[in-house]
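Rule-based calculations on the coordinates, nothing more; no lab input. A quick note: this is a predicted structure, and the numbers were derived from the prediction, not measured. Using ideal geometry, Cβ is built from the backbone for each residue, glycine included, and neighbour counts are taken over all protein chains shown.
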């Protein structure tokens, strides 16, 4: 009887402090084993380094955008930018799938933020090898933190400097400050569940393992500390941050930290535009409900500017 | 609003000072979990005629200017607040303390680009901790606090984090 009591207490202790078991995953969501990001089956459609590895001479200086999505998202997040091109061949767009993303819950759970970063580097190096000379990064949310970390660690030194870094709703500080407590709360909860609609569940993970939230927290704390020290852009690179003034995921004050922390190689401030929007990643409108004319105008203006600034 | 609050605190401190038997002053080190160090000064007053010396009134100022923002690009933000604390086991060396802080928070974003963002807030935070009285005139306090109003960047400043801990070293005059 004593032994049974001790056993029960141990089980209760483990459940309380070590978290619940993993959630029940449905194969009708991205978390399952049946639905994957299409770039995994068809990289040629999504990556310029695969679709055009031998560009013609006149194509070498055309702008190429490396479009990188956010935490728990997929290449879908940048589909509208690709569709917006509408046959315009004066620029190219690569849609990168972050490491550990677009596959299954278990793959997502296992990946670290350094794994998320790898495909960004791979595509960039592939484009340089192919000979492209006008490479532009456009990141949303967590991708902006990843790209900032690349800049900070000196990854671009000795390589072709990107022309532009465009950040859409970057995260350095989360809007939901509970993330700062994930080290304590995370193991107790095991995972967080997101309120996606059925369509969004095909393109964003429905469940977020606490391990990935810990990785996100580690990454943004690292980026914040590097910004406090100061980060210089690669030579001749430019940066513009577009930040929604009301954002439930990436706190708008993230733009302040980026503005204070990053300078160009010529010690100039980066550009920042506070966008009158309540959307996180305001450039992605697909599958959202109750969009306004302002939302559509914000997206259009931003896409137009990305293209014009890259040329 | 800040000036009015500071003046109010100052006059309150002056009035209490004329009755207080115990005045302590010292340095407060405060850390938001997952965020900045904001350090500063604390003054605390108690009197044996009030609740048998169990009630402590304090005035505090902490700032990232004296913490993480020293020689860095961190946001400069200030907190000024009054505290009302209760000492348990008041004759012992280790005394549990419960406190409530009420004050004001202000962040300086240093550019008009960010005028659209909220940068100030009322501060209300309960604290739970211990006070150590050893050696005789030196006091050490350690506590965990929670900002009831904390920032999501939409209604409240995004750099006002919810949970913090602090340690204060005070000299009892």
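One table, with the values for the structure above:
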| item | result |
| --- | --- |
| Burial order of peptide ranges A:272-284, A:239-251 (average beta-carbon count within 10 Å, highest first) | A:239-251, A:272-284 |
| 222 nm mean residue ellipticity, helices alone, for the protein assembly as shown (DSSP H n ≥ 4; -39,500 (n - 2.57); rounded to 500) | -9000 deg cm²/dmol |
| Cα-based convex hull, chain B, per residue volume (Å³, whole number) | 111 Å³ |
| Efficiency of FRET between residue B:171 and residue B:115 - r from beta-carbon atoms, R0 41 angstrom, step 0.05 | 0.45 |
| Residue A:199 paired with residue A:265, simple spin-label distance in nm, labels 7 Å along Cα-to-beta-carbon | 4.4 nm |
| Value in Å of the Kirkwood radius, where chain A supplies the Cα pairs that are averaged | 20.3 Å |
| Rounded FRET efficiency, nearest 0.05, which uses the C-beta distance separating residue B:108 from residue A:89 and R0 of 41 Å | 0.30 |
| Segment residue A:273-residue A:235, length gained on full extension (0.36 nm per residue, minus Cα span) | 11.4 nm |
| Projected-area mean, the stretch A:154-285, by convex hull of Cα positions, square nanometres | 9.3 nm² |
| At 0.692 mPa s and 37 °C, Stokes D of the stretch B:21-123 from Kirkwood alpha-carbon radius, µm² per second | 214 µm²/s |
| Protection proxy ranking of B:107-119, A:255-267 - average other beta-carbon atoms within 10 Å, highest first | A:255-267, B:107-119 |
| Percent of Cα pairs exceeding the 16 Å cut-off, where the set is the stretch A:209-255 | 59 percent |
| GNM result for chain A, Cα springs below 10 Å: residue of A:191, A:41, A:105 fluctuating most strongly | A:41 |
| Residue A:311-residue A:51 FRET efficiency (beta carbon distance; Förster radius 22 Å; 0.05 resolution) | 0.60 |
